[in-house]
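The values are calculated or read from the model by the stated rules, or taken from the named source; none is laboratory data. Everything numeric here is computed off the predicted structure, so don't read it as measured data. FYI the Cβ positions are ideal-geometry reconstructions off the backbone, even for glycines, and counts take in every protein chain you see. These accessible areas exclude ligands, DNA and RNA; they are computed on the full protein's heavy atoms, side chains included. Shrake-Rupley method; radii C 1.70, N 1.55, O 1.52, S 1.80 Å.
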Amino acid sequence: MTSPEPQPPAPQPSEPESKDRVYRSVPAIAGGVLLLAITGWLGIDAIVSGEGRTPWLALAVLLLIVPLVIAFTLRPAVYAGDDRLRIRNPFRLVVVPWGQVASLRSSYSNEVLTESGAKYQLWAVPVSLRARKKAARRDMRATAQARREMGRDEGRGSALGMRAGLDGGLGGDSVSDGPARAETDRIMDELRGLHEARHQAESARGEVTVRWAYEVLAPALAGAVLVLILVLTG
């Protein structure tokens, strides 16, 4: 009599991993792509049709400019997870656990302040004073319109009282959404909310780490050295 073969254990259902929220500047990305296209067109044309030292000088300038354009336009990003905040700036990658974040500050730039007093700028979430003024004007117009509607509703007779109440209820829903906010200010509000919810979590503890972006610095430095050599020996 043969014994039954052991059955493999049933796979345990895995918990879905939470994905980081990614924040990037769309205008910066669009401007970076445009700058890369113009730089590549001019540089390749100089390499192909240039004479003497021009192709070498164009190649060195491309080696210098392209990494810098990528660093300041395409590279910046902010990754907000449940346990940490990753800040990818032009020349550094900063990882800050939520337990180490003291505050998120917005003035002329958006910044993260750590418990140790260090400050890191969020390049991917730039402050737009124009967007703030536009949002403030939109909020003032909405408030003035709501007041005019309330004044008209109060002046109506009792026959329209029920209808005025319904209109006021609908208007209250729109006002309860809060004042109009610029896009980057709304992003900072989301980050502050995530910080408040997660800064006491056990998994959100750890040390702040900073890594320099040598993949950007090395080619840019090499290009700068080549440009200097070519200019001095020309």
- Which ones in the range 4-23 are open to solvent by less than 100 Å² (accessible area, probe 1.4 Å), under 25 Å from Gly81 (Cα atoms) and either modelled with pLDDT of 95 or more or not polar (S, T, N, Q) (or both)? Asp20, Val22, Tyr23
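Return the residue satisfying two criteria in turn: it lies in the range 191-214 and is touching a residue at least 60 places away in the same chain (Cβ under 8 Å) and exposed (fewer than 14 other Cβ atoms within 10 Å of the Cβ), and of such residues it is nearest to Asp83 (Cα to Cα).
Initially, the range 191-214 is screened for residues touching a residue at least 60 places away in the same chain (Cβ under 8 Å), giving 191-192, 194-195, 198-201, 203-213.
Then keep just the ones that are exposed (fewer than 14 other Cβ atoms within 10 Å of the Cβ); that gives 200-201, 203, 207, 209-212.
Numbers: Gln200: 10, Ala201: 8, Ser203: 6, Glu207: 12, Thr209: 14, Val210: 17, Arg211: 19, Trp212: 22 Å.
It comes out as Ser203.
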- Message: With the requirement that a residue be in contact (Cβ under 8 Å) with a residue 40 or more places away in the chain and part of a loop (DSSP other than H, G, I, E, B), what does the range 215-234 give you?
- Response: Gly234
- Item | Leading residue by the ranking (modelled with the lowest pLDDT) among those in the range 104-131 that are open to solvent by 40 Å² or more (accessible area, probe 1.4 Å) and charged (D, E, K, R) | Arg130
- Query: Which residue pairs have Cβ atoms under 9 Å apart, sit 6 or more places apart or on different chains, and have a first residue in the range 36-54 that is free of Cβ contacts under 8 Å to residues at least 60 places away in the same chain and a second that is surrounded by 14 or more Cβ atoms within 10 Å (Cβ to Cβ) and of a type in the set (Gly, Ala, Ser)?
  - Reply: Leu42/Ala58; Gly43/Ala58; Ile44/Ala58; Asp45/Ala58; Ala46/Ala58; Ile47/Ala58; Gly50/Ala58; Thr54/Ala46
- Query: Out of (1) of a type in the set (Gly, Ala, Ser); (2) more than 23 Å from Gly206 (Cβ to Cβ); (3) out of contact with any helix residue (DSSP H, G or I) (no Cβ under 6 Å at 6 or more places or on another chain), the odd one out for Ala58 is which?
  - Reply: (3)
- Item | Residue match in the range 30-53 (condition: under 15 Å from the mean Cα position of the chain (by Cα), aliphatic (A, V, I, L, M), over 21 Å from Ala224 (Cα atoms) and modelled with pLDDT of 95 or more) | yes
- Item | Selection from the range 63-86 of residues that are touching a Pro at 6+ places or on another chain (Cβ under 7 Å) and surrounded by 19 or more Cβ atoms within 10 Å (Cβ to Cβ) | Leu63, Pro67, Ala71, Arg75, Pro76, Arg84
